[in-house]
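Q: Structure below; questions to follow.
Quick note: the coordinates plus some simple rules give every number you see, no bench work behind them. Note that the structure is predicted; figures quoted are calculated from it, not measured.
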Amino acid sequence: MLILGVDPGTRILGYSLLQTDPKPQMVLMDVLYLKNMEDYNLRIRTVFDSMCSVIDQYHPSHLSIEAPFFGKNVQSMLKLGRAQGVTIAAAMSRNMTFSEYEPATIKQYITGSGGATKEQVLAMLQAHLGVDLQPRYLDATDALAAAYCHYLVSTNPMADIRAQLRPAKQRKAKNASWSDYVKQNPDVVSRD
């Protein structure tokens, strides 16, 4: 499988390709630099066209994309969502499947901590993939992390269940019980 990883953005968009057979290996890691384009519509069109071009050149089978984080600046979130949307549209126009992962989930899979820094993610990717990564922009590393996260999820049958579990410090300490967990997560718990 060849996975296209994307860290969406309208100023800098990171993308990568990860070959997974016989073992995970980085094929490509780069950024689409859009800051110099003043016309926002042109930026969005460039994202779509560029992602279609990468897909047509390398023929990945799956897109793994970082989900927009929820910040205080609504306009930034909307713009980020549009970049994510046109990237997904480009993949779907080429009959690709896609997965979306929260930034904390990606960090959790790569480093073991959902609160890891970009530099820690970079260091762990270097260790996992056995390559010396020296990206000009960490957006490219984030894209590779999204692709590697999908590889880990797709090769581990328990990954979907673990991804749905919240970290211990986010669980409610008061009145937390197994019955509360079952009520909140009916799709995770088997009743057999």
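Q: Between residue 94 and residue 2, 0.36 nm times their residue separation minus their Cα-Cα distance comes to what?
A: On the way: separation 92, 0.36 × 92 = 33.12 nm, distance 1.40 nm.
Computed gain between residue 94 and residue 2 is 31.7 nm.
Q: Quick one: which residues, 5+ away or cross-chain, put their amide H under 5 Å from the amide H of residue 28? H built at 1.01 Å from N.
A: Sorted by chain and number, the residues that satisfy this are 17.
Q: Give the long-range amide H neighbours of residue 62: residues separated by 5 or more places, or on another chain, with amide H under 5 Å away, using H modelled in the peptide plane at 1.01 Å from N.
A: Those lying under 5 Å, H to H, from residue 62 are 2, 4.
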